[in-house]
Each structure stands twice: as C-alpha cells, then as structure tokens.
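Let me begin by presenting the structure, written as structure tokens, before commenting on it.
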Amino acid sequence: MVTGGHGKVISARDERGHIDWKQMPTMVFPNIPVRDVPAARAFYTSLGFAINEDFSDEHAACIVVTDNVCVMAVNSEFFLGNTTKALADTKQVIAGALAIAMESREAVDKLVDAALSSGGTAVTPTTEMDGFYSRNFYDLDGHQWDILHMG
C-alpha cells in the first residue's frame, strides 16, 4: 500500500491490480455533489490535491486530502441515487462546510489563493485571533471550504 498526505495518492492494490480491501485503513469519504466532474477534478488538482484513480470514474473524482480523508466530488445525478432528499442549491443556501487544518498560515494562504485564482470565490474576510488563522472560499459548485491553522 502506498500512502501519503496532501497531494499524494493512496492505493491498496494486490499483485493482480485489484483493490485489496483488507489492506485499507479506516478512511473518511465526505461526498459532495458537483455539476461537472472533469471541472471539479481540474479545480481540485489546481489546488495541489491528487486524484485517487482507484475510487474515481466518470461519475466521481476522489480528491486526496490526507492519508485517511478523501473528498468524493460526485456527479449530481449520480449522487441523487444514494439519497431520498433533494440536493441543496449551494449557490443559494449552505448545506455544510468542509474544514481543513493546515500546518502553517502560509499553507492556508497558498491553498486559498490557488482556489481563488482557479475560480473559487471568497466567503468572509480572514479571521485572526489567539493563534487561530482562517480563510475560506466557495468552490465551483458553491460548497464552502474553511482552511485554517491553529498554532
């Protein structure tokens, strides 16, 4: 198994190239609906994230955030096959926020600046207080991302 943090791909393939589920660590896969999977893939790779092809196809892109956290950008229609609720229009209402703690203020700035230059939009002004530093953005589909450093 090959594992890595931000920007590295996680794989658990056996000698035949099949996923070896017994080798998989406990992982978290938040799913977010997207209108355009290729556009989401391009957006997140422009931020420095890798795509885990083991869990990606024409319906979804698996965005590697850390060793054990991968965000699934799932085609909206495909996403609806796994729920009985309507999708929130994240351009109009907030359905939640995804937060990532980074190793430094510079890492926060680098990620958010990349998001803004790749089509994301700023949400609120930078927050600084008592060692806490936070910036946020909306992605291409209006999902809010809070990027922070505590230290």
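The values are calculated or read from the model by the stated rules, or taken from the named source; none is laboratory data. Because the structure is predicted, anything quoted here is derived from the model rather than measured. Note: ideal-geometry Cβ built from the backbone for every residue, glycine included; neighbour counts use all protein chains shown.
Data overview
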quantity	calculated
Whichever residue in segment 52-89 is β-branched (Val, Ile, Thr) and touching a strand residue (DSSP E or B) at 6+ places or on another chain (Cβ under 8 Å) and, among such residues, is farthest from Asn136 (Cα to Cα)	Val74
Number of the condition not met by Glu128 [criteria: (1) assigned to a helix (DSSP H, G or I); (2) at pLDDT 95 or above]	(1)
Qualifying residue in segment 36-46 (condition: polar (S, T, N, Q) and either part of a helix (DSSP H, G or I) or in contact (Cβ under 8 Å) with a residue 60 or more places away in the chain (or both))	yes
Total residues in segment 118-151, condition more than 25 Å from Asn75 (Cβ to Cβ) and more than 15 Å from the chain's Cα centre (by Cα)	16
Residue identified as modelled with pLDDT of 95 or more, surrounded by fewer than 15 Cβ atoms within 10 Å (Cβ to Cβ) and under 17 Å from Val65 (Cβ atoms) among Ala107, Ala99	Ala99
Answer residue from segment 1-53, given it is among the basic types (Lys, Arg) and modelled with pLDDT under 70 and is surrounded by the fewest Cβ atoms within 10 Å (Cβ to Cβ) among those	Lys22
Residue within segment 54-62 that is within 20 Å of Ser117 (Cα to Cα), under 12 Å from the mean Cα position of the chain (by Cα) and not β-branched (Val, Ile, Thr) present	no
Residue match in segment 113-120 (condition: part of a helix (DSSP H, G or I), buried (at least 16 other Cβ atoms within 10 Å of the Cβ) and either modelled with pLDDT under 95 or not acidic (Asp, Glu) (or both))	yes
Residue list for segment 57-83, filter: modelled with pLDDT under 95 and among the polar types (S, T, N, Q)	Thr66, Asn68, Asn82, Thr83
